[in-house]
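First up is the structure itself, then whatever we jot down about it.
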Amino acid sequence: RYEPTWDSLDARPLPTWFDEAKFGIFIHWGVFSVPSFGSEWFWWYWQKEKRAPYVKFMEANYPPAFTYEDFGPLFTAEFFDPNQWADTLKASGAKYVVLTSKHHEGFTLWGSKYSWNWNAVDLGPRRDLVAELATSVRNRTDLHFGLYHSLFEWFNPLFLEDATNVFKTRKFPTTKSLPELYEIVTKYQPEVIWSDGDGNAPDSYWNSTDFLAWLYNDSPVRDTVVTNDRWGAGSMCRHGGFFTCTDRYNPGHLLPHKWENCMTIDKRSWGYRRNAQLDDYLTIEDLVKQLVETVSCGGNLLMNIGPTHDGRIAVIFEERLRQVGAWLKVNGEAIYGTKPWRAQNDTVTPDLWYTFSPKEGKVNAIFFNWPVSGTLELGEPQAKLGETQVQLIGYKELLKWVALGEKGMIIALPQLTPKQLPCQWGWTLQLTNIN
């Protein structure tokens with residue numbers, strides 16, 4: 001059994017499914033999807049920081065007495081079709097999904113008995129959005145279902161009172177935040193608990209170690225659940241399950257601890273923005289590169305989309321998800337279930353990354369630029385004459401190669417027309433019998 005101490009909790013091995021999955025989808029959805037302007041931090045930037053674009057936006061479009069709470073009934077979700085969402089998630093090739101059950105605004109996407117009249121069942125859609133998506137994902141896909149939950153809430157009077165008392169009182173976690181966490185785990189049995197938003201309070205204020213000990217020892221998901229590292233000020237990148245360290249974290253080198261790169265397709269926001277321009281969205285080339293780099297350095301990629309207030313996954317997000325899925329259909333064996341190789345990227349050819357498939361004993365070399373010369377030089381692998389074989393995933397015949405001294409090889413790529421290429425945006429060479 002795990003003790004409620006970091007020493008004990010940090011010693012828990014991460015359930016193997018998480019490292020093998022490599023790729024998940026993050027979904028930021030809530031009342032902030034109604035103004036869908038600027039950022040999911042809309043309430044904070046408008047009311048607390050009083051940032052000019054937000055203040056002007058409200059003055060131009062809403063009556064003077066309009067409050068953030070008035071956005072609640074306008075979060076309608078009339079086009080939310082959980083089956084369609086599940087099918088799109090499946091088509092992306094992702095192996096898990098993490099939905100914001102509650103962001104820093106405090107609005108819960110399930111009918112929480114601890115969030116009276118500020119939840120999706122009492123207000124707005126009048127539906128349990130968490131339950132509906134969980135059911136569809138489990139019925140129609142093999143994705144692991146996970147939930148994001150914000151510990152703190154910007155404007156909750158109980159939290160503000162505790163903060164004024166320098167967190168010597170604990171009214172907010174005991175009556176709101178912790179009961180919600182136990183509630184979502186028992187009710188929806190998520191296999192990822194993605195905690196966030198410590199409000200500068202220590203983990204002792206949040207009672208995080210007690211919650212995690214219960215989660216790992218006695219909860220209905222004790223054997224399969226994974227958690228992140230955001231459990232109180234100072235715990236990020238130090239304690240918990242996998243490390244997130246910062247948003248959009250992509251170190252570019254191997255880390256000794258399992259980590260996750262959570263990032264957004266919209267470069268500027270996690271929530272939906274009606275005013276986003278085309279070049280605010282990462283291209284499919286950008287996304288495939290991020291995925292490959294992240295996996296090659298031992299991380300998972302958690303790619304975020306922001307649905308609209310009426311429950312649609314905007315067409316550009318759907319297209320990106322389906323494109324990544326199309327790429328993974330061909331190259332998935334170089335991603336799923338792989339381990340980092342001894343070299344993460346190549347020393348000679350830039351933008352070429354390696355992964356290792358332990359079951360097959362294959363080294364995967366993933367490259368993004370098809371060379372004009374028709375040959376590709378690899379500086380890292382040590383090839384063996386008469387033994388090493390090179391294959392392009394999605395192409396039947398073996399490729400010819402020559403070794404370069406102690407280390408390195410030159411590979412002759414097949415002459416293919418664009419139509420004959422096995423996929424777009426990046427290709428994988430599989431090397432067997434490499435020293």
List every residue pair whose Cβ atoms lie under 6 Å apart, where the two residues are 6 or more positions apart in sequence or sit on different chains, the first residue falls within the range 168-187 and is of a type in the set (S, T, N, Q), and the second residue, located anywhere, is crowded, with 16+ Cβ neighbours inside 10 Å.
-> Thr169/Asp162; Ser177/Leu151
For the range 200-252, what are the residues that are acidic (Asp, Glu), open to solvent by 50 Å² or more (accessible area, probe 1.4 Å) and touching a strand residue (DSSP E or B) at 6+ places or on another chain (Cβ under 9 Å)?
-> Asp247
Residue list for the range 147-167, filter: in a loop (DSSP other than H, G, I, E, B) and either touching a residue at least 12 places away in the same chain (Cβ under 8 Å) or touching an Asp or Glu at 6+ places or on another chain (Cβ under 6 Å) (or both) | Leu151, Phe152, Glu153, Trp154, Phe155, Asn156, Phe167
Checking Pro414 against (1) over 17 Å from Thr432 (Cβ atoms); (2) open to solvent by 20 Å² or more (accessible area, probe 1.4 Å); (3) not in a strand (DSSP E or B), the condition it does not meet | (2)
Only one residue in Leu215, Leu254, Leu282 is of a type in the set (A, V, I, L, M, F, W, C) and in contact (Cβ under 8 Å) with a residue 60 or more places away in the chain, so which one is that?
-> Leu254
Quick one: Leu429 ticks every box in (1) within 33 Å of the chain's Cα centre (by Cα); (2) at pLDDT below 95 except a single one, so which number is it?
-> (2)
Among strands (runs of 3 or more DSSP E) lying entirely in the range 300-382, which contain 2 or more residues that are hydroxyl-bearing (Ser, Thr, Tyr)?
-> 352-357
Of all residues making up the range 110-142, the number that are of a type in the set (Ser, Thr, Tyr), over 23 Å from the mean Cα position of the chain (by Cα) and surrounded by fewer than 20 Cβ atoms within 10 Å (Cβ to Cβ) = 1
Of the numbered conditions (1) over 23 Å from Leu129 (Cα atoms); (2) open to solvent by 60 Å² or more (accessible area, probe 1.4 Å); (3) assigned to a helix (DSSP H, G or I), Pro173 fails exactly one; give the number of that condition.
-> (2)
State all residues of the range 40-67 that are crowded, with 21+ Cβ neighbours inside 10 Å and part of a loop (DSSP other than H, G, I, E, B); if no residue qualifies, say none.
-> Glu40
What are the residues in the range 234-283 that are part of a loop (DSSP other than H, G, I, E, B) and aliphatic (A, V, I, L, M), if any?
-> Met236, Leu254, Leu255, Ile265, Ala276, Leu282
Restricting the range 253-284 to residues that are farther than 21 Å from Trp41 by Cα and touching a strand residue (DSSP E or B) at 6+ places or on another chain (Cβ under 6 Å), which is surrounded by the most Cβ atoms within 10 Å (Cβ to Cβ)?
-> Glu260
Select from the range 358-399 the residues that are in contact (Cβ under 8 Å) with a residue 40 or more places away in the chain and of a type in the set (Gly, Ala, Ser) and write down the one among them that is least open to solvent (accessible area, probe 1.4 Å).
-> Ala365
If you go through the range 123-136 one residue at a time, do you hit one that is hydroxyl-bearing (Ser, Thr, Tyr) and either within 19 Å of Pro179 (Cβ to Cβ) or outside any helix (DSSP H, G or I) (or both)?
-> no
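The values are calculated or read from the model by the stated rules, or taken from the named source; none is laboratory data. Just so we're clear, the structure is a prediction, and the values are computed from it rather than from any experiment. All Cβ positions, even for glycine, are placed from backbone atoms using ideal geometry, and neighbour counts span all protein chains on display. Accessible surface is based on the protein model in full, side chains and every heavy atom, while ligands, DNA and RNA are left aside. Shrake-Rupley method; radii C 1.70, N 1.55, O 1.52, S 1.80 Å.
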